[in-house]
Each structure stands twice: as structure tokens, then as C-alpha cells.
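> Just dropping this structure here.
The values are calculated or read from the model by the stated rules, or taken from the named source; none is laboratory data. Source: prediction; values computed, not measured. Cβ sites come from the backbone with ideal geometry, for glycine too, and all protein chains shown count toward neighbours.
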Amino acid sequence: MEKIAIIGKPNVGKSSLFNRLLRERDAIVSDEAGTTRDVKRRVVSIGEREVELIDTGGLEERDELFAKVRRKSLETAKEADIILYMVDGKRLPDEEDRKLLHQLQRLGKPLALVVNKIDNDRDEERVWEFYSFGIDPIFPISVSHNRKIGKLLDWIASKLPPKTTLQLEEDEELDLESFLASQEEGGGEEDHQIHVAILGRVNVGKSSLLNALLKEERSIVSEQAGTTIDTVDETIPYGEWLLTFVDTAGIRRRGKIVGLEKYALNRTQKMLERADLALLVLDASQGITEQDERIGGLIDRYKLGAIIVLNKWDIAQKSYEEMVKEVRDRFKYLSFAPIITVSAKTRKRVDRLYDLIVRVYRNYSQWIPTSQLNKVIQEAQLRHPIPALHGKPVKILYASQYATKPPKISLVMNRPEGLHFTYKRYLTNQLREHFDLEGTPVILNPKKRGERETEEGGEG
């Protein structure tokens, strides 16, 4: 798939163009310089082709963080097939843009100069000043007014190779009938794509962990708090699986969330609605804070599969036993989550996360056979009968699973209002003893025969 990189200095409209071509508001847009820091990638259709569109951070070197952003953006230009260099048409051409353009020209790739903020015909008179750069072609556009973007798209389409028959990597023609048949064999339940959110407060090492998992410097890492503003996601193959990791913005205490971080928090919450499981990253060198507990509460709220990652274990201040005890005491609502110690910086034990993610996802998306489910529930009632309600017996007639991600189970009862949350907790523990449910919450919904299932259950 061809890659198209949007390059330029801060505040020229790169993210706005990215959103316009994507036809949705994906990248965060702000008047604040340096809003985009990490590289953002999305697949879009241009003409008859699908391409990977890449939004990059602004090319500026005001401090250590911006220098890293600039370096990452220029590295991205090298891997792209087509480069769109964007400038602000309301400003005069400057020497820095000229140098950067000529540096990109030497890559020998299709390169266009995109002059943004040309909102009307009068503004277009200023475009002639940019011909002094010696770059051709030049596209005067206005992203905010959706002006003359069609010509830019036509040029991009002309630089893309023609659409060919779908082929395998070895250039063997793909047998679509065999491919579709192979997808049907599994019953359509297992889609083999896992969306993993990386959650944590600022500076616990989320971006470092993403880079370690991807085995490349994908996300910008800096000692400066709040380096990651927008969500950053990347997909890698692992065996038969596709793992999509999403590095979210570090979450501060609510009173300290200002400016762009409010957008980032909203993006994180929307992303959690689409995630399957979360890696809750904790800083083993500093211990657990109240903010860590609040962030863990997001996993509980969205009913995600969970893995607790103790990062910076190479400089941990407590023993493993002490740390695990503290985690279990502070995160009682995530008692089902496995705990793993890693060092994202040295990449020690990070490789163990892949198998753990797959195992947790299988548990998160599993169907429990109805006969086995009912056997466990009935034996649990015989062992400890449900307390009566106002002197009347309370019984579970039968149980059935009605959904996955996470497993959701209906408990059809004669008096569902009589099922106390402590008994639901007991039933959940019985299910965990008989089935592999590590890493996933379990939703139990008591109801009368014929009632619809609700999402108000839980583990008690």
C-alpha cells in the first residue's frame, strides 16, 4: 500500500488536511503550535486506490521534544511514496521552508508544495511568491473552505500505480473463494484482530512500552510530561493475530487537565469504547497513586479485558510480593487481571506480553457451553442455597450466555430481585474456578423468564 506523508512546519494545517482527506475528525486540531507530535496513520481511498495517509508533527526545533518530533517527521518522509509539503499561504515564504523542501527533493519522490489558507481569489495572488522555491507542482488550497482540494487529489491519484489483481506476497494470485471459505470455517466468531489500549498516568512509560512492543521507535518519548497528546495506534501481526496497540495520552488529575489535554481525554474515552482489552501501566519505581486507581476505573467502566503492567521494574522500590499485594489491595475491581513486570526501556520481559494478550482476549471473547455453565451454577446453588426473600425461596432456573467481549450470562430466576450482589460474587468465583476467565470481567444478569437481557449486571 502506497504511503502519503503530509509534512510541514507547525500550524500550517497538516492535521486539518489529514481530517479532510479522511472525511472525519480524527487528528486533534488546535491553534496551539505542536499539537501533533506523534505520527498518525489512517487508510483512505483516493481514486480507485486505498493508500496510507500519514500526518506528521511540525518541523521545528524549539526544545528537545520538538527536535524529536522534527526528526521523526523527516524519517517518515523517507518511508513515504508521495510527499505533500504544506505551508501557510498567509505568510511570506521563508528560508527554512526552502531548505526543507530541497532536502525532501533529494529523496527523489513525487513531491508537491501545498499552499494552505488560500481562501479566495485575492489570496491566490500571494501564491506566485512561492514559485521562488523552484518546486512544481504547487497547489493553492483552503482546507477550512474545502477549496481546490480536488486538484490535489487528482495529482495524487496520477502518481499512484494502477489497480491490479489482488496478489499474495509471493505474487501468487489469491483464490478468493478459498479465502472466503477459510473465513467461514471458524463460524465467524474469531476475527483475529485485537484492539489493545495502553493506559496510565503521565510519564509511566506508555510510549516506551508501545515502542518496545512494536520493536521500533514509533511513538515519541520524552521526559516532558504530556508528550503524547493524541491517541497513537499501530497494528502488527503476531502469529495468526493482528494486534492493534493504541498509546493514549497520559491522564492527569481532573483539576490539572487543561487545554489540549481535554481533547486528549475525550479521544481516550472514545477509543476505550472500541478497545477489547487494556494494559494498565504502573510505575514500579514510584508506587501506586490515587490517579492510577481512577484510571483503572476506566477499565472497569468499559468492561475491558485487563493486564496490569508494572513498568520500570529494573528500578522498582519494592519486592515482587510487596508490589503484587499493593496492586491487589488497590485494584480490587481488577482482581481478575494478570500482573506482569517489565522494563520498557530495556525491553526486558516485554515479549511475554504478546502471548498474554492473546490468552486474555480468548477468555474475553469465549463462549461457555450451556450444559457446563448450568452444571456449575446448579452445583453452586446446592453447595450454598440462595437466601430467601421475605420468606420465599429464590432459585436460578437456568443460565445461558448471550454475548461475549466480555462474557455476559443471563440467570433466569423466579425472583431475580432476590439475588444479592454478594451471591453474584460467589457465582462469579465459582465460574472462574471451572473456566479460564483470567483477564476478563464476567457480567451476570438476573432476569425473569422472557425478559430481555440488560447491561446492568456485573460481578457484584
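> Would you point out which residue out of I377, I340, I357 is outside any loop (DSSP other than H, G, I, E, B), touching a strand residue (DSSP E or B) at 6+ places or on another chain (Cβ under 8 Å) and not assigned by TED's automatic domain parsing to the domain that holds G297?
Criteria check complete, one pass: I377.
> Related question: Just to be sure, is I396 closer than 26 Å to I307 by Cα, at pLDDT 95 or above and surrounded by 14 or more Cβ atoms within 10 Å (Cβ to Cβ)?
When the stated conditions are applied, I396 does not pass them.
> Go through P406, P385 for me and flag whichever is closer than 30 Å to A212 by Cβ and assigned to a loop (DSSP other than H, G, I, E, B).
Within the list P406, P385, the selection yields P406.
> Now for a separate question. Which of the residues spanning region 53-105 are at pLDDT 85 or above, aliphatic (A, V, I, L, M) and crowded, with 17+ Cβ neighbours inside 10 Å?
Those that are at pLDDT 85 or above, aliphatic (A, V, I, L, M) and crowded, with 17+ Cβ neighbours inside 10 Å: L53, I54, A80, I82, I83, L84, M86, V87, L100, L101, L104.
> Check whether at least one residue in region 173-180 is on the phi > 0 side of the Ramachandran plot and modelled with pLDDT under 90, and report yes or no.
The answer is no; no qualifying residue exists.
> Being surrounded by 15 or more Cβ atoms within 10 Å (Cβ to Cβ) and in a helix (DSSP H, G or I) is the filter here, so list the residues in region 107-141 that pass it. Steps first, please.
So in region 107-141, the residues surrounded by 15 or more Cβ atoms within 10 Å (Cβ to Cβ) come out as 109-119, 123-124, 126-127, 130, 133, 135, 138-141.
Within region 107-141, D123, E124, R126, V127, F130, F133 qualify.
> While we're here: Considering every residue within region 306-317, establish whether at least one is surrounded by fewer than 22 Cβ atoms within 10 Å (Cβ to Cβ) and among the basic types (K, R). Reasoning before the result, please.
So in region 306-317, the residues surrounded by fewer than 22 Cβ atoms within 10 Å (Cβ to Cβ) come out as 313-317.
If we keep only those that are among the basic types (K, R) too, we end up with none.
So far as region 306-317 goes, no, none of its residues is surrounded by fewer than 22 Cβ atoms within 10 Å (Cβ to Cβ) and among the basic types (K, R).
> Could you identify the single residue in V350, V281 that is part of a loop (DSSP other than H, G, I, E, B), touching a helix residue (DSSP H, G or I) at 6+ places or on another chain (Cβ under 7 Å) and closer than 20 Å to G439 by Cα?
V350
> Exactly one of these conditions fails for E326: (1) touching a Gly at 6+ places or on another chain (Cβ under 9 Å); (2) in a helix (DSSP H, G or I); (3) at pLDDT below 95. Give me its number.
For E326, the failing item is (3).
> How many residues are touching an Asp or Glu at 6+ places or on another chain (Cβ under 7 Å) and either in contact (Cβ under 8 Å) with a residue 40 or more places away in the chain or β-branched (V, I, T) (or both) if we restrict to region 106-132? If you could, list the steps in order and put the result at the bottom.
First pass over region 106-132, keeping only residues touching an Asp or Glu at 6+ places or on another chain (Cβ under 7 Å): 109, 116-118.
Checking which are either in contact (Cβ under 8 Å) with a residue 40 or more places away in the chain or β-branched (V, I, T) (or both) leaves us with 116-118.
Matching residues across region 106-132 total 3.
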